[in-house]
Amino acid sequence: MTPLADTHVHLLAGLDDGPETPDVALAMCRTLVSQGVGYVTALAHQNPDYPENTADRLRAAATQLAVALREKKIPLSVHPAGEVMLSADTLDEWRSGALMSVGDHRQWLLVEMPHDGFLDVLPLAGALRPEGVGLIIAHAERYPPLLDDPVLTREWIAAGCLIQVTARALAEAEGEEENALRRWATDGFIHLLGSDGHGIDRRRPELTAGFQRLTKWIGRRHAEGIACARGEAVLRGEPVVVPPPAPIRRSWLARLFGA
Ligand SMILES: [Fe+2]
């Protein structure tokens, strides 16, 4: 099978709430390889909790990890990234060079919502688009205003955003959340898969079960397109083709408007 790509995993030891030591980071990498993963982000948070996480710091730490992987002969391709918490300053921070794009390719910026809110990303997406930069919405399933609103999700996708979903959420979702994620999957709203792994004893990086559930819902070819080919393209800075999502179903409209 084509290698899986984990587009959201914290691997930079000591830089955030991810692995505390290089050994834990390497153990996470071995776990990922054992699942058939070939490409990963080496990312850390970029938000006010971690003011020292400059782009240069993340870049240097990812290079160190790549060297360690080569020395240990662990066959995993690592790509630096920041998990950027959105704020009113994000555009200025990007233009100042403070933020690390995915793979350092200046093509995609991985963004998450602030702890206490849900922001409209369209102004930022519109400002970045002419510069050839798109937004990846990290662990998008966490945000009910998005998950429950296909009109909004379509707007964000039309503005060039990619929707990233956490594999564990796919694997473990039940009830209404499962229904919503399945609708996202079958309607073409899921673009990328990530583990959001943070360690070995806690929040271990796991892609397999989520990938299997995605395969069950949309078939192997489409699941591999998300979890393998598109993820690899994003991490390597290659062109990314995103088919438009399916038209909004009557059942969605009925849910939204009580029709
Ligand atoms: Fe994360």
For the chain, the per residue accessible area (1.4 Å probe, Å²) is 44
Calculate, in whole percent, how much of the Cα-Cα pair population of segment 154-259 lies beyond 22 Å. 35
What FRET efficiency do you get for ASP149 and VAL241 if R0 is 25 Å and r is their Cβ-Cβ distance, rounded to the nearest 0.05? 0.50
Where a ≥ b ≥ c are root eigenvalues of the Cα gyration tensor, a/c under 1.5 meaning rounded, otherwise prolate if a/b exceeds b/c and oblate otherwise, the chain counts as oblate
Low-density loop trypsin sites (Lys or Arg not before Pro), segment 56-148, at most 12 other Cβ within 10 Å, DSSP non-H/G/I/E/B, are LYS72, LYS73
At R0 = 35 Å the Cβ-Cβ FRET efficiency linking HIS115 and THR186, nearest 0.05, sits at 0.65
If you stretched the chain out fully between SER87 and ARG106, how much longer would it get, using 0.36 nm times the residue separation minus the C-alpha to C-alpha distance? 4.9 nm
How high is the relative contact order of the chain, given as a whole-number percent (alpha carbon pairs under 8 Å, six or more residues apart)? 22
Cβ charges +1 (Lys, Arg) and -1 (Asp, Glu), total dipole of segment 4-257, debye: 1120
Could you give the longest part of the chain that holds none of the GluC sites (Glu not before Pro) found in DSSP loops with at most 10 neighbouring Cβ atoms within 10 Å? 53-173
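The values are calculated or read from the model by the stated rules, or taken from the named source; none is laboratory data. Note that the structure is a prediction, hence the values are computed from the model and not measured. Positions of Cβ are generated from backbone atoms using ideal geometry, with glycine treated the same way; all protein chains shown enter the neighbour counts. SASA here: full protein model, heavy atoms, side chains in, ligands and nucleic acids out. Shrake-Rupley method; radii C 1.70, N 1.55, O 1.52, S 1.80 Å.
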